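Scroll down for the structure; my scribbles are underneath it.
The values are calculated or read from the model by the stated rules, or taken from the named source; none is laboratory data. Since this is a predicted model, take the numbers as computed values, not measurements. Cβ coordinates were reconstructed from backbone atoms using ideal geometry, including for glycine residues, and neighbour counts include every protein chain displayed. Areas reflect the complete protein model, heavy atoms only, side chains present, ligands, DNA and RNA absent. Shrake-Rupley method; radii C 1.70, N 1.55, O 1.52, S 1.80 Å.
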Amino acid sequence: EGSSEIMQHSGFFLVDKPKGFTSNRVLQDIRKSLSVQSSAYPQKYGHAGTLDSFASGLLIILTGKITRLSRWFMHQNKEYEAVFRFGEETDTLDPQGKIMAIGELPARETLERIIPSFCGNIEQIPPSYSAVHVGGERSYKIARAGNKPEISPRSIIIHDIELESFQEKEATLRIRCSSGTYIRSLARDIGHACGSCATVISLRRTVIGPFSISEAHSPQECNEKSIRVFSPDIAQSLGLATAVIKLDFVEHFIHGGTLPAKAVTLDCDQMTLFRNPDFSFESKPVALFSEKGELLGIAEQKDKEYAPRVVMAEEPR
């Protein structure tokens, strides 16, 4: 019973992070608050992708065994509302840095012409002041020491950039992009492409994958009523297939055993998808649930067997 009680408190929170707080500070505040509310809450917490302290918006906080699934929460598309200030560039590319460059203000027509060239698959160099590893050290530590980190470009996808307004020197944009995109780098690069320079002065994350800021709670509102359970619907919305392990095979899977195809019942509404000859299980892990709807783990199908990648539940007591 102790194990199922802990699983009951394993889940995630959709949090509206306020400006001026680090993501870790928000996580620690929630952890302390929950441990005061109930000793049943597990000690393990994590976040699925951070936000800079100057930014606000959607932050996903994972708790208990759901922290093992952070990669599936992190590798989701994101949407941001950003304000770029043209004509100045700070060393951190945000309002907390020192102005290092000044440029002419671009015309709105120039900005409108340049923006489409940044949509699609592009290469992007993360900011010097970022947590990217360079030669085994964090990039921001190298930059703070007065050196220029040599950061390799990364492939990202910008799905859409919508210019909502451009008044004086500030442009308000809505940006939809892949995981791993740095909006600060996007501002820098668009500024340079316009023959100017730019810095992000305001940033708000409004969407992560299937989750919207409209569903989020303030850190103070994170409690037993606002925790989200990792259900089959959530799994599918994150791009996972879902299936149920038959009762006779649950203990075998919990101990790390590979399951035969007969041990698993695929969710009916996915059967058409799995019959598609172009569909590959190799690229789509399967979230496996008990007949009661409890998440037991994540598996991959190989040669018509289900090999465990993540096992959630413990041995029944």
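Descriptive notes on the structure:
- All positions within segment 99-121 that are within 11 Å of Ile161 (Cβ to Cβ) and either among the β-branched types (Val, Ile, Thr) or more than 28 Å from the chain's Cα centre (by Cα) (or both): Leu111, Glu112, Ile114, Ile115
- Helices (runs of 4 or more DSSP H) contained entirely in segment 7-118, each with at least 3 residues that are in contact with a strand residue (DSSP E or B) (Cβ under 9 Å, 6 or more places away or on another chain) and closer than 26 Å to Ser139 by Cβ: 23-37, 70-74
- Scope segment 131-178; condition more than 21 Å from the chain's Cα centre (by Cα) and open to solvent by less than 60 Å² (accessible area, probe 1.4 Å); matching residues: Val134, Ile142, Ala143, Pro149, Ile151, Leu163, Ser165, Phe166, Ala171, Thr172
- Of the residues making up segment 51-76, those that are in contact with a helix residue (DSSP H, G or I) (Cβ under 7 Å, 6 or more places away or on another chain) and in contact (Cβ under 8 Å) with a residue 60 or more places away in the chain are Leu51, Gly57, Leu58, Leu59, Ile60, Ile61, Lys65.
- None of Gly195, Gly146 is in contact with a Gly (Cβ under 8 Å, 6 or more places away or on another chain), outside any strand (DSSP E or B) and more than 21 Å from Glu81 (Cα to Cα) except Gly195.
- Residue list for segment 77-130, restricted to those being hydrophobic (A, V, I, L, M, F, W, C), without any contact (Cβ under 8 Å) to a residue 60 or more places away in the chain and open to solvent by less than 70 Å² (accessible area, probe 1.4 Å): Ala107, Cys119, Ile122
- Ile190 being farther than 30 Å from Leu111 by Cβ, assigned to a helix (DSSP H, G or I) and among the hydrophobic types (A, V, I, L, M, F, W, C): no
- Condition met for Thr67 (over 15 Å from Arg205 (Cβ atoms), modelled with pLDDT of 90 or more and out of contact with any His (no Cβ under 6 Å at 6 or more places or on another chain)): yes
- Hits in segment 3-51 - residues which are of a type in the set (Asp, Glu) and at pLDDT below 95: Glu5, Asp29
Every residue, every condition in (1) basic (Lys, Arg); (2) touching a Leu at 6+ places or on another chain (Cβ under 6 Å), yes or no:
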position	(1), (2)
Leu186	no, no
His192	no, no
Gly195	no, no
Thr199	no, yes
Lys225	yes, no
Pro232	no, no
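- Evaluation of Phe86 against the conditions (1) in contact with a Pro (Cβ under 8 Å, 6 or more places away or on another chain); (2) under 16 Å from Leu240 (Cβ atoms) shows that the sole unmet condition is (2).
- Meets criteria (in contact (Cβ under 8 Å) with a residue 40 or more places away in the chain and open to solvent by less than 30 Å² (accessible area, probe 1.4 Å)) for Ser202: no
- Selection count, segment 93-113, where residues are charged (D, E, K, R) and touching a Pro at 6+ places or on another chain (Cβ under 9 Å): 1
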